[in-house]
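Input: a single structure, listed below in structure tokens.
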Amino acid sequence: MSTENLEKVVLITGGSRGIGAACALLAARQGYKVCVNFASNEQAALDVVKDIENIGASAIAVKGDVANEADILHMFAETKSRLGLVTGLINNAGILSKEGRLDTFSAERIARIIAVNVTGSILCAREAVKAMSTKHGGKGGSIVNISSVAATLGGPNVYVDYAATKGAIDTFTKGLALEVATEDIRVNGVRPGIINTDIHASGGRPDRVEELKHLIPMQRGGSALEVAEVVLWLMSDAASYVTGTTVDVSGGR
Ligand code: NAP
């Protein structure tokens, strides 16, 4: 179906920084009203909202941990009441942890990564399906799940737990896409490679892009905007016959 005549409203988890923030700005430029979800960095989220308002578009910032179901319900309710019925979800919020081998990882670390990256994405998609599905009286929409090339590489010696969560996301993208294919919802994924954002610092390696760029066929890291361009294309009517697939945005890696 075409979303051409629908008011476009997108909820972006982790929209305050990095790839999510780039998606938020690009979505606003393409006519979406944007809910910028953030976990703790309110100032960053408010800066994104301000940048969007400066180009004459509408946005709200909503705090919420995607590992918490009540927070997810709150962010969807806020989006509906302040911007309108959601027509797009970008499941972007994701975390990794310090690099290392599996035999050094705590149960808490592994559980947290799974809760944010997998359970959070699945619960957000559940709420999006309830809002969008023609089966539930909705008008359709599009979901894009942010995976990682780590899903195909496995992340040995750095973060096999994180990589496994992204493998789960790829499987979820395929399954959900098939489940809702006749309900005017398309579900796709994007697998970024090594992208210039803050996430590498949270893995204990702020210079990761420079250090590893020789492994990338294009010999450089990507920008958040280069990922956002593909995400927004998948969201758009230009991709109206594309569902259940995941696109690598990784400079060939
Ligand atoms: P980032 O720069 O670290 O930004 C992470 C964003 O997610 C922030 O907006 C953060 O909010 C939010 N967030 C973190 N935990 C959250 C939670 N529990 N609930 C809600 N929001 C949460 O990360 P990024 O590099 O842009 O990564 C975005 C996505 O791309 C992730 O799924 C990541 O796995 C994936 N990815 C990134 C790369 C890369 O090289 N950068 C490569 C492959 C895949 P606050 O601002 O409040 O902290």
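The values are calculated or read from the model by the stated rules, or taken from the named source; none is laboratory data. Because the structure is predicted, anything quoted here is derived from the model rather than measured. Note: ideal-geometry Cβ built from the backbone for every residue, glycine included; neighbour counts use all protein chains shown.
Inside segment 57-82, can you point out the residues that are acidic (Asp, Glu) and within 15 Å of the chain's Cα centre (by Cα)? Residue satisfying the conditions is Asp65 alone.
Taking each residue of segment 203-232 that is at positive phi and looking for partners that are assigned to a helix (DSSP H, G or I) with beta-carbon atoms closer than 8 Å, six or more apart or interchain, yields Gln219/Lys213. Determine whether segment 184-193 contains at least one residue that is among the charged types (D, E, K, R), closer than 26 Å to Asp71 by Cβ, away from the ligand (no atom under 12 Å from the Cβ) and in contact with a strand residue (DSSP E or B) (Cβ under 8 Å, 6 or more places away or on another chain). Yes, segment 184-193 contains a residue that is among the charged types (D, E, K, R), closer than 26 Å to Asp71 by Cβ, away from the ligand (no atom under 12 Å from the Cβ) and in contact with a strand residue (DSSP E or B) (Cβ under 8 Å, 6 or more places away or on another chain). The number of residues in segment 194-230 that are β-branched (Val, Ile, Thr), within 10 Å of the ligand (Cβ to nearest atom) and not in a strand (DSSP E or B) comes to 5. One residue stands out in segment 60-109 among those that are among the β-branched types (Val, Ile, Thr) and more than 13 Å from the ligand (Cβ to nearest atom): the one that is surrounded by the fewest Cβ atoms within 10 Å (Cβ to Cβ), namely Thr104. Filtering segment 36-56 to residues that are buried (at least 19 other Cβ atoms within 10 Å of the Cβ) and either farther than 26 Å from Val118 by Cα or more than 18 Å from the chain's Cα centre (by Cα) (or both) leaves Val49, Ile52.
Hey, can you tell me all the residues within segment 5-55 that are in a strand (DSSP E or B), without any contact (Cβ under 8 Å) to a residue 60 or more places away in the chain and away from the ligand (no atom under 15 Å from the Cβ)? Listed by number, the list holds a single entry, Lys33.
Put simply, of Thr246, Thr173 the only residue that is over 17 Å from Ser97 (Cα atoms), more than 11 Å from the ligand (Cβ to nearest atom), of a type outside the set (A, V, I, L, M) and touching an Asp or Glu at 6+ places or on another chain (Cβ under 7 Å) is Thr246. With respect to the conditions (1) over 20 Å from Val187 (Cα atoms); (2) in a helix (DSSP H, G or I), Ala61 falls short on a single one, namely (2). As for segment 234-242, it holds at least one residue that is more than 10 Å from the ligand (Cβ to nearest atom), at pLDDT 95 or above, under 23 Å from Ala168 (Cα atoms) and surrounded by fewer than 21 Cβ atoms within 10 Å (Cβ to Cβ).
Each residue in segment 115-146 was checked for being over 15 Å from the mean Cα position of the chain (by Cα), of a type in the set (S, T, N, Q) and assigned to a helix (DSSP H, G or I), and 1 of them qualify. Restricting to segment 110-127, and then to whatever is touching a Gly at 6+ places or on another chain (Cβ under 9 Å) and small (Gly, Ala, Ser), can you tell me which residue is farthest from the ligand (Cβ to nearest atom)? Of everything passing the filter in segment 110-127, Ser121 is farthest from the ligand (Cβ to nearest atom).
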